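Before any comments, here is the structure.
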Amino acid sequence: SWVSHYPPAGTGPPLGRVEGLGMNAAELAANPVLTGYKVQDLNRSPALPYADASFDAVTCTVSIDYLVRPLEVVAEAARVLRPGGKVAFVFSNRLFFSKAVALWTGKDDLEHVYTVGSYVHYGAGGLLTPPEAVDLTPPSARRRGGGKPQGDPL
């Protein structure tokens, strides 16, 4: 995506190599944080085009709900991760229902957490530490009085 989910250079820790992988070349090319990118549809080819143990961190941002082969993608994320590295699957309760996999639609936020946790547990084959869920929803958008969240929770 042309919107980076990493801080701009000089505003956070130095990042070094930041590769993007997505389906839209124009958006990837417009992302100022990326040092390189590849165009690939993970639903057609879930094998990541990177060497084993080549990244300190892997992120999958607002995409896991569209993957038809999530266990293979998680296994690939674990493969390209260096020992001690981190994987982050970031998702929202917003999605394109016409594109999301049936397993994802109709579930609530907690069920999404369990689904992704299962993907990590079964897909990574023990190569990743047990998953941890962190609510990144801005405080102003959190549930109030048990009602629905306002805004776009992550």
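The values are calculated or read from the model by the stated rules, or taken from the named source; none is laboratory data. All values derive from a computational prediction rather than experimental measurement. Note that we place each Cβ from the backbone using ideal geometry, even for glycine, and neighbour counts take in every protein chain shown. Just so you know, the surface numbers come from the protein's heavy atoms only, side chains and all, with ligands and any DNA or RNA stripped out. Shrake-Rupley method; radii C 1.70, N 1.55, O 1.52, S 1.80 Å.
What to note about this one:
- For segment 73-91, the criterion of a residue being open to solvent by 50 Å² or more (accessible area, probe 1.4 Å), touching a residue at least 24 places away in the same chain (Cβ under 8 Å) and acidic (Asp, Glu) is satisfied by no position.
- Beta carbons closer than 8 Å, at least 6 apart along the sequence or on distinct chains, never pair a first residue in segment 27-45 that is at positive phi and open to solvent by 60 Å² or more (accessible area, probe 1.4 Å) with a second that is modelled with pLDDT under 90 and outside any loop (DSSP other than H, G, I, E, B).
- Some residue of segment 93-109 being open to solvent by 80 Å² or more (accessible area, probe 1.4 Å) and in contact with a Ser or Thr (Cβ under 9 Å, 6 or more places away or on another chain): yes
- Filtered residues of segment 94-146 (kept if assigned to a helix (DSSP H, G or I) and either at pLDDT below 80 or over 19 Å from residue 58 (Cα atoms) (or both)): 109, 110, 111, 112, 114, 139, 140, 141
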